[in-house]
Amino acid sequence: MSSNSALQSDRLHWAFALTALACALLFGYAVVVDAGRPAQVQQRLVPALGAVDRCELCHENPKHHAGLDDAHPPERFGCTVCHGGQGFATRKEAAHLVSMDWERPLFSPAEQAAACGRCHLGAQAPVPQVAKGRQLLADKGCAGCHAIPGVPRPDFAPELDGLRDAVSPGFVRAWLADPGKLQASHRMPTFRLNSEEIEALVAYLWSVPGPALAPLPADLTGDGERGKKAVATRRCATCHKIDGRGGDVGPDLALAGMKLQPAWIFTLLVDTHRLRPHTRMPGFRLAPQEALDIATYAGEEWLADSGEPPWKAYEAPVEPTKAVQGKKLFADLGCAGCHRVAGQLGAQIAPALDRLGDRHVVDLPHTATGEALPDLPSWVARKVQLPTAFDQKGGAPARMPTLPGLTAADALAVGTALASLRAVPLPATLLRDHDPPELRLPAGQTGRLIDRFRCLVCHSIGGHGGDVARIALDGAGARLNRAWLEDFLQSPVTVRMDQAERMPILGMTAAEAQQLAAWLQGALGDDRVPLAEPATASAEAMSHGANLYAQLGCPTCHMAAGAGTMKGPTLDGSARRLQPGYVQTLLSQPALVPANRHAGIQLSAEQAAAVAAYVLGLPAPQAP
Amino acid sequence: MEQQNTSRRKFLGQIGGAALVALSAEAAWASLRFAKAPVSYGPSQRRNLGQVGRFAGGRVYVDDAGLFVRHDPKGLSAMSSTCTHLGCTVREAAGGGFVCPCHGSTYDDQGHVTGGPAPRDLSFVRLIRDARGNVIADLAQTVAGDTRLQVG
Amino acid sequence: MGKWLQGIWKSVWRIGWPQDERSAVKAMLSSLVLHVHAPKIRPESLKFRASWAAGLISLVLALQLTATGIYLMFYYIPHPDAAWRTMKDLAFVVPLGTLTRNAHRWAAHAMVAMVTLHMVRVYLVSGYKGARQANWVAGVGLWFLTLALSFTGYLLPWDQLAYWAVTVGSNMAAAVPFVGDDFRQLILGDRSVGESALLRFYVLHCVALPAILFLVVGFHLFRVRKDGGLVVSENAPGGGRGEEGHKLVPAWPHLVYRELIVALAATAVLLALALWLQAPLEPEADPSRTPNPAKAPWYFLGVQELAHYSAFWGGVFVPAATVLGLCLLPYMDTHALGVGQYLPKERRIAQALFGLLLLFMAVTTVIGTLFRGPGWALMWWPQ
């Protein structure tokens, strides 16, 4: 190295030694620091879900909820699809928390439920939070304004054609200002309108013509007393509240009676579906006299004590010049999203929510108060409970209306259901649609009758329809005799005394009843029920059946031969109502009709035959 | 004085040189460590072969696992189709037994070498059953040729 | 034994360890690598002020980038489904993966800065005049290649930062009149940034551009030596064209030793940066989620700032005119006054103009980087 002596300076030698040492030490330090990395990493690879999960580095033998393990093995699902977090990470904080390069930390319970909802579709998904949320999305009419996959457009808001013939402008003003003041359990949300906006909307609505009202028959006079009786015998209370009692399928008759013009009520009763084609009310067959009686009754009965309706203060002439402004407002507010005008629903004016679950709570607007919202479901919950919570000073106010009767738990369920809507598609093999398959109703005369009498508002078939009638129509053809059905449809007797809801007297003709009974019998069978001949049992078998009937405690619920209670249907003369094959099958397979409370009663085939023979042998009661 | 300078400079030079040697060694070691992948994205060594009923027909070849699965009265066994010479996949020979297409090694029906360059008999891998009754082959574990998975 | 080892040494290096000036000259001439230097050089060119070591550091960084880049290629998969995942593997499981990626990222930024600095220095001392005209143009080419390498590498992590920076950058190219859209499709291989673009950028970044770069670097270094080494002032002792009789020093060990020290220092700084400064990574690229604002890499933000005013004038014309002007410079500014001096009297106007250009670039870049918020709105507080 003697030639280095040519470098007549120590500085360069020092610099060389120090820089070389610095490199060696820094690199050595890097190698030592890095040695903390796991040498071998086992990972769960699920390419279809994009999962590269290294959770088991720390979580040995990952525990699963009992019952989920079989259907959701980690080999098939990995961890992060359901639990969130960063599967790649090999350090706890990187795996569990949010970071610059990872936006989905470990899921909160609500987010986990939402993750279940990505595969489990439908309002009957076996994930309580998500199912409840989806039900609420439908019930609250969210799809009036937002496009939401799997949630149908609402069909419960009244059509608004010819509103001027039905109610007074004062009622509409009072309703728009605060529907809750007029009806505690209303469904329409509050739009926070000022009086000028309300005036414009009324002007527009008053400009929309409706179907012509039926002329009041000049030769008849209505009788309120007869009308009151008709309302009772026709069983209007099955759907409407009367004096605070009754169903809630239709509006409370107290409010309806007070707000509606008698001529409009008369038209609705005699020509229901011409006046309101999309109403849920069946087309009763009423004589003009009966309709006039009911309209008269409605006008007399529900006048306020003061003689003045609560919207009296709002009564004033409509200003037709504001109709143009009102029409624009009607469109801007999205009123037509729920209310049909001229038979048409309007566009969904609010953002589609089909990929809301992809949003990250950090990217979404903050509340005006700066409140910290931990996850997306909570953010949505805040928004649906208090739409104005995110209004910023000087910014445009929220357009979303305030929904009535939404608890904090409801709001979180809605948020959870919406958070399950992600754009990234999961493999089709993992998806489970828990909604019932589409219902195909018969066309032709039968279809028109089902529509006219609005059967599916109360009854359900294949999971579609209402739940006013407790037992679904599925399998009704295997349970009931056709002759009994024909009679029942024409003049429904009460089978289940314990139920408040009873089949209204629709006034079906014999031909209509035959048509529907034939369809019920032919189309709604049940594979589990054999077709059996009416039993002709020996006296011995009959007495064995009678003994068993008593021993099993049947009279605890059923009335027969003058003994028992009315909790279940009366069994005297049931041979006319029930098919023998059905009675036998039900007694040995109580799950046949889950809703009829026979669970726990499971007889052997021989016992079932004996009891069925006894029950079907009970004579019909003597007509008084 | 000059002597002192020279020896100090020589010493500093040696320190720097030694540091460079150390740096090279570290770099070589780090390169080896870097290159050894600690995770595998390849297919899992545990293969699900499906339900037992699938193997009722005596010997079945499961091609995605490369296994000849035999169901005899004593139970199930799984023989690898990988030739013990250089790892080609053997075929069933026309007259029974197996033959390797690469260098002509031959094996009898039990996987014993009968000819060619193969140094060992064909290997057998461990079979287990999971909770749902599926037969799982663990390609990473070899077992003796007479090992059987008892099936009901 | 010692003799035998010496024999092996000589068989490789042809000569022994240089013992005197004569053998030092021989060593310089007989080594493939070292003979890029003249065997004897002017002592002024050893001074820091003569070079700022900017060119050397640029070369050292290029070599470090090559080394770390090769390591990264062992794990990187140029496909949208896998690219970002490999970043995660480097971060979490590959031994020294973090260090390697950090080093590559910071060396890339540093190289853009050092090459630019090198060019500024050469301009100031009129290093583009006389015989050096073509080498200046080669240098401008290297500057351009460095930017292209940095830009193509920017896409490879396939995170939001990468995806949107390249989307914005490639859309600037679309502002070229008449052929802009075709040009953009040529780069991307598709109408938008996707798997074709990723593969093209990968091949350009790992094969095509480095190959061209090192060929041009070879030419550049060769010409530095042939054109008389570093530019030194005519007024410096022994300056100018190296007349007979003035004292030259052997490159070994004076230059070689200094270069080694600079390379080691640069390596140490890079190691320290890579150890304690994490290379950024953002969430995986998502074409449906545009970050606001979407920004190009910092060295293009001056251009993006200009493009904000006019896509053509700011995004195409000004950069093209700048590069063209830099290439034509040595053929337009040919008088030989003030060569080798940083602030000669004779070049006040030229230096002032250049200073203004630099200031303009710096100001627009700083505005684009720090003072532009969501919607490219001006923000008075840096982000």
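Each value in this text was obtained by applying a stated rule to the coordinates, not by laboratory testing. This structure is a prediction, so every number in the text was calculated from the model and none was measured. As a convention, Cβ positions derive from the backbone with ideal geometry for all residues, glycine included, and neighbour counts pool all protein chains shown.
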message: Taking 22 Å as R0, compute the FRET efficiency from the Cβ-Cβ separation of C:Asp81 and A:His360 and round it to 0.05.
response: 0.50
- line: In whole percent, the Cα-Cα distances of segment C:171-307 spread across 10 Å bins from 0 upward as 8, 18, 28, 20, 16, 8, 1, 0
message: Positive end of the dipole of segment A:76-159, charges at C-beta (+1 Lys, Arg; -1 Asp, Glu), about the Cα centre: which of A:Pro158, A:Cys119, A:Ala147 has its Cα farthest in that direction?
response: A:Cys119
Chain B: most fluctuating residue of B:Gln110, B:Gln14, B:Gln45 per GNM, C-alpha cutoff 10 Å: B:Gln14
message: Just to verify a number: FRET efficiency for A:Gln42 and A:Ala352, C-beta to C-beta distance, R0 = 60 Å, to 0.05?
response: 0.90
query: Where does chain A land at 222 nm, in deg cm²/dmol rounded to the nearest 500, when only DSSP H runs of n ≥ 4 count, each adding -39500 (n - 2.57), divided by all residues?
result: -11000 deg cm²/dmol
- prompt: With the dipole of segment B:40-149 worked out from charges on the C-beta (+1 for Lys and Arg, -1 for Asp and Glu) around the Cα centre, which of B:Val99, B:Cys83, B:Pro73 lies farthest toward the positive end?
  reply: B:Pro73
message: For the pair C:Ala208/C:Phe371, report the inter-label distance in nm, with labels modelled 7 Å from Cα in the Cβ direction.
response: 3.8 nm
- prompt: If the limit is 18 Å between Cα atoms, which of A:Lys92/C:Lys88; A:Lys132/A:Lys181; A:Lys327/A:Lys393; A:Lys181/A:Lys259; A:Lys181/A:Lys383; C:Lys247/C:Lys345 go over it?
  reply: A:Lys132/A:Lys181; A:Lys327/A:Lys393; A:Lys181/A:Lys383; C:Lys247/C:Lys345
message: Could you compute the net charge surrounding A:Ala609? Neighbours are other residues with a C-beta less than 13 Å from the C-beta of A:Ala609; K and R count +1, D and E count -1.
response: -3
query: Quick one: length gained pulling C:Phe222 to C:Ala320 fully straight, 0.36 nm per residue minus the C-alpha distance?
result: 32.5 nm
message: Suppose only helical runs count, i.e. DSSP H with n ≥ 4. What mean residue ellipticity at 222 nm does that imply for chain B under -39500 (n - 2.57) per run, divided by all residues and rounded to the nearest 500 deg cm²/dmol?
response: -8000 deg cm²/dmol
- prompt: Under a plain spin-label model, where a point goes 7 Å from the Cα along Cα-to-Cβ, how far apart in nm are B:Lys10 and C:Leu378?
  reply: 6.9 nm
query: Just the Cα atoms of segment A:358-483, one point each, no solvent: what log10 I(q)/I(0) does Debye give at q = 0.19, 0.21 Å⁻¹?
result: -1.06, -1.17
task: Compute the distance in nm between two label points, each set 7 Å from the Cα along the Cα-to-Cβ direction, one at A:Arg285 and one at A:Ala599.
output: 4.1 nm
- prompt: Just how far, in whole angstrom, is segment A:220-235 from segment A:364-440 if you go by their alpha carbon centroids?
  reply: 47 Å
query: Given a cut-off of 24 Å, what percent of all Cα-Cα pairs of segment A:482-592 lie beyond it?
result: 35 percent
query: Which of the aspartates and glutamates could a cross-linker bridge to A:Lys567, judged by Cα under 17 Å and excluding same-chain residues fewer than eight apart?
result: A:Asp498, A:Glu501
- prompt: Between A:Leu26, A:Ala336, A:Leu45, whose Cα lies farthest towards the positive end of the dipole of chain A when Lys and Arg beta carbons carry +1 and Asp and Glu beta carbons carry -1, centred on the Cα centre?
  reply: A:Leu26
query: Based on Cβ point charges of +1 for Lys and Arg and -1 for Asp and Glu, what charge dipole magnitude is obtained for the protein assembly as shown about its Cα centre, in debye rounded to the nearest 20?
result: 4140 debye
task: Could you tell me whether the protein assembly as shown comes out rounded, prolate or oblate from its Cα gyration tensor? Rule is a ≥ b ≥ c as square roots of the eigenvalues, rounded for a/c under 1.5, then prolate if a/b exceeds b/c, otherwise oblate.
output: oblate
- prompt: Within a Cβ distance under 10 Å of C:Asn135, other residues only, what is the Lys/Arg minus Asp/Glu net charge?
  reply: +2
message: Between C:Trp252, C:Trp313, C:Trp17, where does the largest GNM mean-square fluctuation fall for chain C, given springs only between Cα atoms within less than 10 Å?
response: C:Trp17
message: I want the local charge near A:Tyr297. Using Cβ-Cβ distances under 11 Å, sum +1 for each Lys or Arg and -1 for each Asp or Glu among the other residues.
response: -3
- line: Extend 7 Å from the Cα of C:Glu21 along its Cα-to-C-beta direction; within segment C:41-67, residues with backbone N under 19 Å of that point are C:41-47
- line: Here the convex hull volume per residue of segment C:270-383, taken over Cα atoms and given in Å³, is 191 Å³
message: Rg over Rh of chain C, using C-alpha atoms and the Kirkwood radius, what does it come to?
response: 1.01
- prompt: Which three extents, in whole angstrom, do the alpha-carbon atoms of segment B:14-152 cover along their principal axes, largest first?
  reply: 75, 42, 22
message: With the cut-off at 1.5 for a/c, could you classify chain A from its C-alpha gyration tensor as rounded, prolate or oblate?
response: oblate
- line: Using alpha-carbon positions, the gyration tensor of segment B:90-152 gives root eigenvalues a ≥ b ≥ c; with a/c under 1.5 called rounded, otherwise prolate if a/b exceeds b/c, else oblate, the class is prolate
- request: Rounded to the nearest 0.05, what FRET efficiency do A:Arg470 and A:Thr494 give with R0 = 22 Å and r taken as the Cβ-Cβ distance? Could you check?
  value: 0.95
